[in-house]
Amino acid sequence: MKDWRAELRQLKLPVDPAVKKSALQTLKSGVANAQAIADVVHADPALCLILLCTANKTLSRSGNETYDLPHAMSLLGFPKVESVISDAAIYDKKTFPFLAQYRQQLTVSLHAAHQASCWSSLNAHWQQDSLYWATLFNQAVIWSLWYQAGEQMQQLQNERIDHNGVQQRRAEEKIFGTTLQQLSEGLSQDWYLPTLTQQSWQPAITGNTYQWVLLSRMIPEKSHLALDNYPDLQKTLSHPAFLIALANRLADHAEWNWQSRQSVRLQKILASASNKPLDSITALIHQQASSLKNNKHTLHPAKQLLSQYRKTDKLNATTDSQTVSKPAKKQLPSPLPSAALLEGAPSSFVNTIERLQQQPESFDNIHDVMNFAVNSLCSDIKLERASASLLDIKSKELRTYYSRGAEDSPGLKNYRHTLQQGDLFNKLLQKPVSVRLHKDNYTKIWPLLPGDFKQACAVDQLLMMSIFAGKKPMAIIYADRGKTNRPISDEQYSFFKQLCSAVSRCLLAQQ
């Protein structure tokens, strides 16, 4: 089993290229102060983390720390800040298959920090200048895992889906050889995170399971009377690290389902901890979720709340009247997949379909959508090779931009073709249609493929489907079982068509 703490000890996180560019421009303007630069950097929590940890690593030699981003940059000095930002690696949408999950996790952390800053006014002991940043960085290890261990995190997420959103310590130990709590507690020290962030992962400070359950069962308006009998619990509640842990747990569970038993229980805990009525606490939490700045790349907490979104849901046969997607003003090309069509599909694939159809705004553009779809074909329904070729209508050129599993097949990975009258690609782009090449139709379909494509794929079983946004041809998605040339099952073909249809719906909704 891999030692994940050793693997992640050197902090490596990709940063938003747009934020990096803007920050460097602000630095080079010569007129900005530390606060102005921090305001720019704040849009990317990962870049904030890198800068603060760099400062704290230096300060640790003298036993000091900083917990505030503007202060950290003042201590580093602008030349060092510029050097750190310049050296930060940017994420590449083409090579980062879990970028969507990574971005969404950053949004969860921002939501937690936003809530904690508001809750601090409920208790004088919680009013710490460092609270926002310490809360924001609580889930930094989870960010890193989505970047460096995406497949394992996807596996863990699938386990959680199977258990209706409940976290599974046993699954964490099976996949990582340790729990995320233990890993986060260790790495928060290795990375020189703020002391409060480190303490928020220590049960001896934030409270044990029994204490949290006890809080959830108290009558909030009378909790101050009940707490007189629990001096150890009173001590726990007075520590701001408890609030940090609570805010992050709530943001995490709300991300899965605002109405779940776990989410409601955490709201009760906050009500009891602050001796406030549950209704007023719930209203406060919902108000803070709504006031969080929106990010076009991710699903906003307020949208999840208002739409009654649940990550663990399977798709229904019809579209729910309350959906997180933008209302479609155009006729969508195909109906939502029925429960029967998706029966037996991996939960991760159901989530893929759900995101494409219900969250089109979470994708930047067609390139983001295609990259997401290609990765799903291989990771979710076990097709060995997949690619997406975009159509340039003016030149009539079809060109492959995204692929997975084709590293040893350069002809397929870099395929380019100018449409010709009568060839299969030209026929596919006349209207939305799918093709499944197999032994029964081989002699009919194979001659229609261009010679260079036959050489590039070199298989006798494959899948292709044209992608349209309304009536506009956009692309062709391809998949096969790779050089093993194993048979493609009926189930895989069905899932392939459902994904391609969902891509078409997504692209139309984006227009």
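The values are calculated or read from the model by the stated rules, or taken from the named source; none is laboratory data. Values in this document were obtained by computation on a predicted structure and should not be read as measured data. No Cβ is skipped: glycine too gets one built from the backbone with ideal geometry, and neighbour counts run over all protein chains shown. Quick note on the areas: whole protein, heavy atoms, side chains included, nothing else; ligands and nucleic acids left out. Shrake-Rupley method; radii C 1.70, N 1.55, O 1.52, S 1.80 Å.
Asp87 meets all of the listed conditions (1) modelled with pLDDT of 95 or more; (2) under 30 Å from Ala345 (Cβ atoms) but one, namely (2).
Just so you know, in segment 43-77 the residues that are under 23 Å from the mean Cα position of the chain (by Cα) and either polar (S, T, N, Q) or outside any helix (DSSP H, G or I) (or both) include one that is nearest to Ile90 (Cα to Cα), and it is Asp44. Return yes or no: is Gln152 among the polar types (S, T, N, Q) and part of a helix (DSSP H, G or I)? So Gln152 passes the test. When Gln322 is tested against (1) open to solvent by less than 30 Å² (accessible area, probe 1.4 Å); (2) touching a Phe, Trp or Tyr at 6+ places or on another chain (Cβ under 9 Å); (3) modelled with pLDDT under 90, just one condition goes unmet, and that condition is (1). Residues that are within 30 Å of Met1 (Cα to Cα), surrounded by fewer than 20 Cβ atoms within 10 Å (Cβ to Cβ) and among the hydrophobic types (A, V, I, L, M, F, W, C) are absent from segment 57-71 altogether. In summary, helices (runs of 4 or more DSSP H) completely within segment 395-511 and bearing 3 or more residues that are modelled with pLDDT of 90 or more, open to solvent by less than 30 Å² (accessible area, probe 1.4 Å) and in the same structural domain as Val369 (by the TED database) occur at 424-428, 451-457, 490-510.
In this structure, does His163 turn out to be farther than 29 Å from Leu8 by Cα and out of contact with any Leu (no Cβ under 7 Å at 6 or more places or on another chain)? Criteria not met by His163.
In segment 143-182, of all residues being open to solvent by 50 Å² or more (accessible area, probe 1.4 Å) and under 19 Å from Thr107 (Cβ atoms), the one that is modelled with the lowest pLDDT corresponds to Gln167. Among the residues of segment 78-104, those that are of a type in the set (D, E, K, R) and not in a loop (DSSP other than H, G, I, E, B) comprise Lys80, Glu82, Asp87, Arg103. Scanning segment 27-42 for residues that are more than 23 Å from the chain's Cα centre (by Cα), touching a residue at least 12 places away in the same chain (Cβ under 8 Å) and open to solvent by less than 30 Å² (accessible area, probe 1.4 Å) returns Leu27, Ala34, Ile37, Ala38.
Let's see how each residue does on (1) of a type in the set (A, V, I, L, M); (2) within 23 Å of Gln267 (Cβ to Cβ); (3) open to solvent by 60 Å² or more (accessible area, probe 1.4 Å):
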position: Leu196; (1), (2), (3): yes, yes, no
position: Gln202; (1), (2), (3): no, no, no
position: Ile205; (1), (2), (3): yes, yes, no
position: Gln211; (1), (2), (3): no, yes, no
position: Arg217; (1), (2), (3): no, yes, yes
position: His224; (1), (2), (3): no, yes, yes
position: Leu233; (1), (2), (3): yes, yes, no
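Comparison of Ala116, Ala171, Ala112 shows that the only residue that is of a type in the set (A, V, I, L, M), free of Cβ contacts under 8 Å to residues at least 40 places away in the same chain, touching a Leu at 6+ places or on another chain (Cβ under 8 Å) and not assigned by the TED database to the domain that holds Ser347 is Ala171. Does Leu122 meet the test of being surrounded by 20 or more Cβ atoms within 10 Å (Cβ to Cβ) and among the aliphatic types (A, V, I, L, M)? It is false that Leu122 is surrounded by 20 or more Cβ atoms within 10 Å (Cβ to Cβ) and among the aliphatic types (A, V, I, L, M).
From Asn248, Asn257, grab the single residue that is over 24 Å from Trp133 (Cβ atoms) and polar (S, T, N, Q).
Criteria check complete, one pass: Asn257.
Answer yes or no as to whether Lys94 is within 30 Å of Asp380 (Cα to Cα), in contact with a helix residue (DSSP H, G or I) (Cβ under 9 Å, 6 or more places away or on another chain) and surrounded by fewer than 17 Cβ atoms within 10 Å (Cβ to Cβ).
Yes; evaluated as a whole, the condition is true for this residue.
Against the list (1) under 30 Å from the mean Cα position of the chain (by Cα); (2) surrounded by fewer than 18 Cβ atoms within 10 Å (Cβ to Cβ); (3) over 18 Å from Gln267 (Cα atoms), the condition Gly186 fails is (2).
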